[in-house]
Protein chains: 2
Amino acid sequence: MPLDIYDKLMMLAKRRGFIYPSFEIYGGSAGFYDYGPLGSRLKQNIENLWRKFYILKDNCLEISTPTVTLFEVLKASGHVEEFTDLTVDCKKCKQSFKVEEIIEEKDSIENTIDKDNIKCPNCRSKLMNPYPVNLMFSTKIGFGKSRDAFLRPETAQGIFIDFHLLYRYNREKLPFGVIQIGKGYRNEVSPRQGIIRLREFSMAEAEIFFDPKDKNHQNFDLVKNKELYLYDNKKEKKYSLEKAVNDKIINNQALAYYMHLTHEFLIAAGVDQKKFRFRKHDKNELAHYAEECWDAELYSERFGWIECVGIADRSAYDLKSHIKKSGTDMYATRKYDKPRIVKNKKIIPKMDELGPLFKKKAGEIKIILENMEVKKLDKISVKIDGKTIEIPKTCYNVIEKKEKQTGEKFIPHVIEPSYGIDRILYCILEHNFIETRKKDEEYRILKLNPIISPIKVAVLPLINDNDLSKIAKEIDLSLRNSGIETYYDEGGTIGRRYARMDEIGTPFCITVDHDSLEDNSITIRDRDTTNQVRIKINDIINVILNRISS
Amino acid sequence: MPLDIYDKLMMLAKRRGFIYPSFEIYGGSAGFYDYGPLGSRLKQNIENLWRKFYILKDNCLEISTPTVTLFEVLKASGHVEEFTDLTVDCKKCKQSFKVEEIIEEKDSIENTIDKDNIKCPNCRSKLMNPYPVNLMFSTKIGFGKSRDAFLRPETAQGIFIDFHLLYRYNREKLPFGVIQIGKGYRNEVSPRQGIIRLREFSMAEAEIFFDPKDKNHQNFDLVKNKELYLYDNKKEKKYSLEKAVNDKIINNQALAYYMHLTHEFLIAAGVDQKKFRFRKHDKNELAHYAEECWDAELYSERFGWIECVGIADRSAYDLKSHIKKSGTDMYATRKYDKPRIVKNKKIIPKMDELGPLFKKKAGEIKIILENMEVKKLDKISVKIDGKTIEIPKTCYNVIEKKEKQTGEKFIPHVIEPSYGIDRILYCILEHNFIETRKKDEEYRILKLNPIISPIKVAVLPLINDNDLSKIAKEIDLSLRNSGIETYYDEGGTIGRRYARMDEIGTPFCITVDHDSLEDNSITIRDRDTTNQVRIKINDIINVILNRISS
């Protein structure tokens, strides 16, 4: 079987220092990869470009929270119950499989296995009795009286549980966005897709908090005529943002705006427009927290359409859960034009009655009662863990209170663009990988956008000569001092050295030749056109800075 | 008790969005902190400044490897056995304590507890029977046939196990350095020092690989006259780098050079020179992998001298262990001027004899035998897990071979500067925190160096006026488009707004006033002098870029 593009790229990635399989000297472990010197640089450049879009353009705040996350947080968020994959074990060869990956039909996934005659992909035994497996890595904090914890499945929860602090930081104004870039973890049953399905991955997430009554975006008007390819799982069609929102293809301006921002970012990062689309989640594939979700999908020759970004309307799901479980005031306020005097019926819980009756749940019930809007008084019931519990009248008093209100409280809704950085990085490599031949040899070029290229400029003395090397080293140093990543290389023919740089995506090569000694000029070679232009040494930094920043 | 500087700083840090206790809405968990919008920016600025020193100045390569680390890696590195704290439990109140923290004398730590009458700091019961506890967070990869893993205690091992790939990337030349910035984990028994003792922390580590016969640094001559304060646990004395190396106070140039680089970096980041020293580790406190170690210590009013950077000579410890355990060729080659023909005695192990005799250890013994220099032949023994095992003559043949050698193989030595980013960040805040009074009110200033300040410029219309706001917003946007972090603020008196910016360390405030409408100028206020200078709007970006880059 000839190598496909994935094999070829991963060979190049390992040979040239982009990506290594992790722990290889100990036999490796599926789902873990290292970024080598060039890969680490490339990944950081992609992340910093993303920051430009979300921090500088969209004014988001960035925070950074731990990867080790308390059980309580992920219990409240629903991940302890919902973050699962249906799994099946082979009794004979002892391997485990994710059901979704070994059956054809996505529908009726629960039933397929037991009903049909599904064979183990490994030893062909019949597979039976699938069961859900939680995909979080678990650990414990401390010793003795230790606490249960998980490695976070998403960075988002770290943002949600700080919402009240961040809302205050933003001077209690909505909408505002908070981003986090960092590691996420997913203990896959048996990852088989290389760098596309990682157990430890890098994500960039934005949680934009909106008043649910106003999911418009202030910059929407500037971009409403931009067009996107939208795929509804049947057909793909081009829509302007405005039309998509008006026709309710996309539910609101906020979702549409962040789809647009995602498109802009991915194109700027070097994704091929022709291998890009947005796909809407069917109702039955939505995550447990999502009301609507669009995936930005990128096409790969081996893997087909890959989900690289999810843009979800998480509504009030997460904040509501955390308010309920923690009892913290995480509401926002919609200010009235002038304060109002309102009569409110309030429930005053009696803990000495609730305690003996409801034991551990009494505290939670107290918080629900205190925050309940009282309409009918004959019968009060609360919902806990899915069960409705009636609260006896002996457990509370009801009082009527006049209150001055400056506004009404509500739980903000969240629009979440969530980016898988590793998948995006892989797709950028694939979309920009060119194989050709030169002088009867294989010749590879990575046409990376200068803004994300790991090395911006190679500095090459034409031949190995002390005078030329001296000038070249000075140029190299001055570029580095200006914060520009360079690679200095004086080994081999100039053609060989250009080839090395083309293969790792370096957009510019500076060559110092004997004329440089006389005229203080050098040539700059452009990777994509192979054109060479002669410029003054003093102008190098400005020329390069100009060309790598756009 | 009045608040000390730590309390005051942490209150400011929470109120203004630098640092929040993690999971606070669920009761929090000691040893975990979140970085808020300003803290996250500050931390990134410190890390990027560090990168300038190690990547641009020292030419190191950066890589990025997983935090989840296979058991085998940390078994080989010695962490499974050695990364422990002596711990004691209180039988009565069920709390656990780190012995080191509750006894006075650091000597004879093993005996103190059982011999002396040490009381529980909590309930005053007598404490007995201390035992070592491994401080790594443990987890499992996969299900069914799962593999044991830990959260990495240091980023270094990810670099060591890729050494052969990185050596090839660097075209097999020594010395060269590899850095990694990322999370490290240490499941402390009971952390009690706030942000100074974290269970999940950020570290920046550099592993510089040297030929053990040549631990000189190419830039040493440029810095040999620089002076450092060195503390040998008895007295502190100022030494030039050259004298310290010549007098063997510091063992080699490489160690001395990275101590100097550490000093330069910390001062550039804003550490107070008067609260800075290097302390040499006593022999009995060296980590299990270290031959010599110097700590860069920073002084804190509450905590005293804090270890913020460790600069260790790890010798060949780690690479040797990984070569032995994995059987991977991780040697470097010292090239001869011309190839040599050498007669070599080589041991050819017989697996069919070794196998039945040594079972699981046979493979490891085979690798050791193959790589052994054969001198005496009457008795061959190998050392495994601390035990010396004699190998019977029936288990191998010895042959003599003529070989062409281009160089000799050796295991590189490693100099490791390892930085605790969170501690450095805290000390920078403490060293630059000024409390004073203004108009009879408390007034706080953070005199952060502009290069690490989270916000570089505040943009303030003098009063709330549409014309002024319009200009101010244009200035704000153009600064952001140039990558400069700004804060736009039109709320409150101008004095109040200056005060807010002084408190978070913003070095410059731009004020747009009514004259700006006529003369296209604004005033720039300097935080530290409070001087105001009037400049043209067109010059703003250059002026600011100039002042924040040095």
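Might you let me know whether the range B:172-183 holds any residue that is acidic (Asp, Glu) and on the phi < 0 side of the Ramachandran plot? No, the conditions are met nowhere in the range B:172-183. Counting residues in the range A:64-81 that are modelled with pLDDT of 95 or more, under 23 Å from A:Tyr258 (Cβ atoms), open to solvent by 20 Å² or more (accessible area, probe 1.4 Å) and hydroxyl-bearing (Ser, Thr, Tyr) gives one or more.
Cβ-Cβ distances below 8 Å connect the following pairs, each with a first residue in the range B:336-349 that is in contact (Cβ under 8 Å) with a residue 40 or more places away in the chain, a second residue that is exposed (fewer than 11 other Cβ atoms within 10 Å of the Cβ) and not in a strand (DSSP E or B), and a separation of six or more residues or different chains: B:Lys345/B:Leu377.
Among the residues of the range B:41-50, which ones are farther than 26 Å from B:Ser190 by Cβ, facing another protein chain (nearest Cβ under 9 Å) and in contact (Cβ under 8 Å) with a residue 40 or more places away in the chain?
Within the range B:41-50, B:Arg41 is the sole residue that qualifies.
Each residue in the range B:182-210 was checked for being open to solvent by 30 Å² or more (accessible area, probe 1.4 Å), in contact with a strand residue (DSSP E or B) (Cβ under 8 Å, 6 or more places away or on another chain) and more than 9 Å from every other protein chain (Cβ to nearest Cβ), and 2 pass.
State yes or no: is B:Lys439 open to solvent by 10 Å² or more (accessible area, probe 1.4 Å), among the charged types (D, E, K, R) and at pLDDT 95 or above?
So B:Lys439 fails the test.
Exactly one residue out of A:Ile63, A:Ile55 is within 7 Å of chain B (Cβ to nearest Cβ) and touching a residue at least 60 places away in the same chain (Cβ under 8 Å), and it is A:Ile63.
So for the range A:370-383 (the condition being of a type in the set (Val, Ile, Thr), open to solvent by less than 60 Å² (accessible area, probe 1.4 Å) and out of contact with any Asp or Glu (no Cβ under 9 Å at 6 or more places or on another chain)), does at least one residue qualify?
The answer is yes; a qualifying residue exists.
Looking for something more than 14 Å from chain B (Cβ to nearest Cβ), open to solvent by 10 Å² or more (accessible area, probe 1.4 Å) and at pLDDT below 95 - is there at least one such residue anywhere in the range A:256-278? No; the residues of the range A:256-278 include none that is more than 14 Å from chain B (Cβ to nearest Cβ), open to solvent by 10 Å² or more (accessible area, probe 1.4 Å) and at pLDDT below 95.
Tell me, please, whether a residue that is within 14 Å of another protein chain (Cβ to nearest Cβ) and more than 35 Å from the chain's Cα centre (by Cα) can be found in the range A:432-442. Scanning the range A:432-442, I find no residue that is within 14 Å of another protein chain (Cβ to nearest Cβ) and more than 35 Å from the chain's Cα centre (by Cα), so the answer is no. Candidates in the range B:126-181 are the residues that are surrounded by 17 or more Cβ atoms within 10 Å (Cβ to Cβ) and among the charged types (D, E, K, R); of these, the one that is nearest to the other protein chains (Cβ to nearest Cβ) is B:Asp162. Evaluating A:Lys409 against the criteria (1) closer than 30 Å to A:Phe508 by Cα; (2) within 35 Å of the chain's Cα centre (by Cα); (3) surrounded by fewer than 18 Cβ atoms within 10 Å (Cβ to Cβ) leaves one unmet condition, (1). Those residues that are buried (at least 17 other Cβ atoms within 10 Å of the Cβ), within 14 Å of another protein chain (Cβ to nearest Cβ) and in a loop (DSSP other than H, G, I, E, B), I need them from the range A:463-507; list them, please. Matches in the range A:463-507: A:Ile484, A:Glu485, A:Asp489, A:Glu490, A:Ile504.
Here is the figure for the range A:305-341: residues that are out of contact with any helix residue (DSSP H, G or I) (no Cβ under 7 Å at 6 or more places or on another chain), open to solvent by less than 20 Å² (accessible area, probe 1.4 Å) and assigned to a strand (DSSP E or B) total 4. Checking the structure you have, find out if any residue of the range A:342-360 is open to solvent by 30 Å² or more (accessible area, probe 1.4 Å), modelled with pLDDT under 90 and closer than 30 Å to A:Ile159 by Cα. Looking for residues that are open to solvent by 30 Å² or more (accessible area, probe 1.4 Å), modelled with pLDDT under 90 and closer than 30 Å to A:Ile159 by Cα, one finds at least one in the range A:342-360, hence yes.
Looking across the range B:1-29, just one residue is in a loop (DSSP other than H, G, I, E, B), among the hydrophobic types (A, V, I, L, M, F, W, C) and within 8 Å of chain A (Cβ to nearest Cβ), and that is B:Phe23. Checked against (1) open to solvent by 20 Å² or more (accessible area, probe 1.4 Å); (2) part of a helix (DSSP H, G or I), B:Ile544 passes all but a single condition, namely (1).
Among the residues of this structure, B:Ala13 does not count as one that is within 22 Å of B:Gly420 (Cβ to Cβ), small (Gly, Ala, Ser) and open to solvent by 20 Å² or more (accessible area, probe 1.4 Å).
The values are calculated or read from the model by the stated rules, or taken from the named source; none is laboratory data. Note that the structure is a prediction, hence the values are computed from the model and not measured. Glycine gets a Cβ as well: all are built from the backbone with ideal geometry, and neighbour counts include every protein chain shown. Remember, those area values only see protein heavy atoms, side chains included, never the ligands or the DNA or RNA. Shrake-Rupley method; radii C 1.70, N 1.55, O 1.52, S 1.80 Å.
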